[in-house]
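Heads up: the structure comes next, in structure tokens.
Please treat every number below as a calculation from the coordinates, not as lab data. Remember, it's a predicted structure, so these values are computed and weren't measured experimentally.
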Amino acid sequence: MKILVVDDDKEIVELLSIYVKNEGYEPVLAYSGKEAITKLATNPDIALMILDIMMPNLSGIDVVKQVRKDSQIPIIIVSAKTGDMDKIQGLITGADDYVTKPFNPLEVMARVKSLLRRSQNAVTNDEPDVLEVGPLVIKKDSHEVTTLTGKQIQLTALEFGILYLLASHPNRVFSADEIFERVWQQESIISAKTVMVHVSHLRDKIEEATDGEKVIETVWGVGYKVSAQ
């Protein structure tokens, strides 16, 4: 399984590539945003990307925007920008996770493995294969979400996981911590803002495809739910 590591700091690329190899993955290396786009185009079997934000010519944010036009590959941003707004911007753009520098390479690899599990096994096998929720049809095996009129909604693995979790338990309210632990398959640390951003992005995609229909409800102070129809 190939992991693309992108940073203009060669020492960071080399460090992460060592840990990627030690975990049994094949590192693919890029030292700029433009090179990352090229490597993705020439290596369609890349399973995940670890991406720096602050790079010359083409920033990490711009890379995410380009990639998200036609790919839902898991993306972990690794950045020296530590502010909440920087993290939110990265997640809204389409990244799946955000790690700040300086980082522990073991933590990065734990997040890599979690996201790969998430993308390969977004839902458990005992859940229904197909769900119909309001204007949506959700297909577990193919990770497809369409409207009742057949319009496809492109979701990341994490967005799909959140939607399927809520839709398969109608009327149940899930807290941000519960969503994080079930969908990210990690212990909750600072999950609330991360979940909030992903839910917001998910809602935007659903509402754009369904002319503004509300599927995911916020229960203020508690969490999120999908109501039974």
For the chain, what relative contact order do you get, as a whole percent, if you take Cα pairs closer than 8 Å and at least 6 residues apart?
14 percent
Would you grab the residues whose amide H sits under 5 Å from the one on residue 50? Only those 5+ places off in sequence or on another chain, please, with H modelled 1.01 Å from N.
4, 5, 6, 76
Which pairs, out of 2/65; 69/140; 2/81, put more than 28 Å between their alpha-carbon atoms?
none
